[in-house]
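The values are calculated or read from the model by the stated rules, or taken from the named source; none is laboratory data. Because the structure is predicted, anything quoted here is derived from the model rather than measured. Neighbour counts run over all protein chains shown; Cβ positions are idealised from the backbone, glycine included. Each accessible area value is taken on the protein alone, full model and side chains, heavy atoms only, with ligands, DNA and RNA left out. Shrake-Rupley method; radii C 1.70, N 1.55, O 1.52, S 1.80 Å.
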Amino acid sequence: MGADLAGRIAEASAVRPTPRQLAWQRLEFYGFIHFGMNTMTDREWGLGHEDPALFDPAELDADQWVESLAAAGMRGLILTCKHHDGFCLWPSAVTRHSVASSPWRGGRGDLVAEVSAACARRGLKLGIYLSPWDRTEPSYGTGIGYDDFFVAQLRELLSDYGPIFSVWFDGANGEGAAGRKQYYDWNRYFAVVRELQPDAVISVCGPDVRWCGNEAGHTRPNEWSVVPASLRDAERTASNSQQVDDGRFSRQVRSDEQDLGSRDAIATSSDDLVWYPAEVNTSIRPGWFHHPTEDAEIRSADELFDIYCASVGGNATFLLNVPPDRSGLVTAPDRLVLSQLGERIAELYDADIAPAAAVSPAGALDQQGAWTIDATGGGLVLSWPEVRQLGAVIVEEDIAWGQQVERLVVEARTVDDRWLQVAACDSVGYRRILSFSPVGTDAVRLSVATARGRARLRSRVIGAEVLGDDLMKQDRPDGVSARMVRLGYLVAGFALLALGIIGAFLPLMPTTIFVILAAGCFARSNRRVESWLLEHKRFGPTITAWRAEGAISRRGKTLAAGGMVLGYVLFLIGARPDLPVALFVLAVFGACAWYVLSRPEPS
């Protein structure tokens, strides 16, 4: 088994991305534009055969779409050229169900051409979405007849609109058990893409880019790009795609298949291993198309920033849908959020303090600022002449060398010269953003404990001021922003303070404990107070140790236990309680003391 596992790891280490996959990964963040007949009918899934006269967006401005996406830092745009209803946003020669039969632009419009030109002007890449399911086309369900129709449309889109970076196929189908059955000739479709756009990745129901498994923006704890080849089965992806227009699929998170590429996962599979990286897709609104009733349900910049950090910062790309309204414009609230998101992303990378650090071992970085490790691992220490407030570390593998790192540990040096673990992960890949509660330190140590082979890494260290409102994502439910968490701490602080005040008049109330807890909540709700505590010579290391590993120093344990004993004695003297009450309070204080004393000491 040992030899077999070693061979499997060597096989995984040797897998590399294709040039098209590498170029796609470097885009990192790009937009989806869902716009078409559904926008006019206020539906998510059209029924097919809608009157083309309904399509007449009076203010449509493709440049405004592109500028809105660019403001968020997106580098590409994928347009839904045809959704499931079958209405085409270009004048297709093989159907009359298109913009050519609409009053928009006098029947001479071509929205794909307008978006292509707008992307070229702004420097964004263009991608196309073409739905295999077509509820209008009569040949759907006839087999080769529909394949011919679909390939003809695909050829039009791939021949007439310049370079395409992504061809996005999905498996959504709501025909049901009694509906028309069409078995797609995927290999034929893929061959057309390779012929006409060899640099384009084929995404989702395709061999180049893997769907993350949900449309909620949820990411795996550790995402691997080297996975068993069976995951590229387009029919398997289609079976897991949306089959019912129930309005809930876009926020549904699937918890299965959380581990696709670890040692355990690839050891239990006999499939060939392939480079099949993940794309995380979700919408800025509950639906994929614009609906006026959802204008108050736009995701916040904080929530989208969390998804960005978990996707782009989790070895995936981020595809964010932004649907224009019926007039043909991205609405002002959506544009505001996109602008705020772009500012947060720019601030994240601008806050890198690694260039100001001294590096150990000396000479570890090459001319591009990268360092290398072999299969035995390795490490790097970054240090500064004074204490800095840190909130995240970003580590990147040069994936042209494959994906190699299996265990990365991040440690901060304390004032008493100990190394305290603040973050760790079991994969890195293209980029890994590891955020943690703010910590004051003058040095950070990055250690690769396990690797599959030789790797080339780059690292950045992010100041806590940028992430001050970004309490760790895993500490709160999806949809709950950091500001909401801080507000919760503030409310809890006032509630505990009120209980402490009431306790001053009730002998059985542990007033001191309530006041201490209230102080902790107030500190957690205010960044300045929190920063002051973290920088304090005495309090800072204690708080950092507690946050990182639930540890309490021996001195802290002694003070806490002593305070509880003193508090209990004062309670007995002041309240003179009956024996049952005294025993009950003793049990409460004893449980608190036991919890404190049982915590580990800082390593």
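Tabulated data for the structure shown
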read-out: With every protein chain in place, the stretch 20-350: carbon and sulfur % of accessible area (1.4 Å); value: 49 percent
read-out: Residues whose placed amide H lies under 5 Å from that of Phe32, excluding near-sequence neighbours; value: Ile78, Leu320, Asn321, Val322
read-out: Amide H contacts under 5 Å for Arg210, placed H, 5+ residues apart; value: Val204, Ala278, Glu279
read-out: Pairwise centroid distance, computed over Cα atoms, of the stretch 374-426 with the stretch 428-456, Å; value: 3 Å
read-out: Relative contact order for the stretch 20-350, counting Cα pairs under 8 Å that sit 6 or more residues apart, in percent; value: 22 percent
read-out: Loop-located GluC sites (Glu not before Pro) in the stretch 1-47, at most 12 other Cβ atoms within 10 Å (DSSP); value: none
read-out: Calculated from backbone phi, Karplus (6.51, -1.76, 1.60) coupling profile of the stretch 314-321 in Hz, x at Gly/Pro; value: x, 6, 9, 10, 10, 10, 10, 7
read-out: Per-residue ³J(HN,Hα) for the stretch 203-210, Karplus 6.51 cos²θ - 1.76 cosθ + 1.60, θ = phi - 60°, Hz, x for Gly and Pro; value: 9, 6, 7, x, x, 9, 10, 9
read-out: Under the Karplus curve 6.51 cos²θ - 1.76 cosθ + 1.60, θ = phi - 60°, whole-Hz ³J(HN,Hα) for the stretch 371-382, x wherever Gly or Pro sits; value: 10, 10, 9, 10, 5, 7, x, x, x, 8, 10, 10
read-out: For the stretch 1-86: span of alpha carbons on each principal axis (Å, largest first); value: 66, 32, 18
read-out: Within the stretch 294-356, trypsin sites (Lys or Arg not before Pro) in DSSP loop having at most 11 other beta-carbon neighbours inside 10 Å; value: none
read-out: For Glu406, residues with placed amide H under 5 Å, excluding near neighbours; value: Thr450, Ala451, Arg452
read-out: Protection proxy ranking of 179-191, 280-292 - average other beta-carbon atoms within 10 Å, highest first; value: 280-292, 179-191
read-out: Heavy-atom accessible area per residue - the stretch 1-82, 1.4 Å, Å²; value: 37 Å²
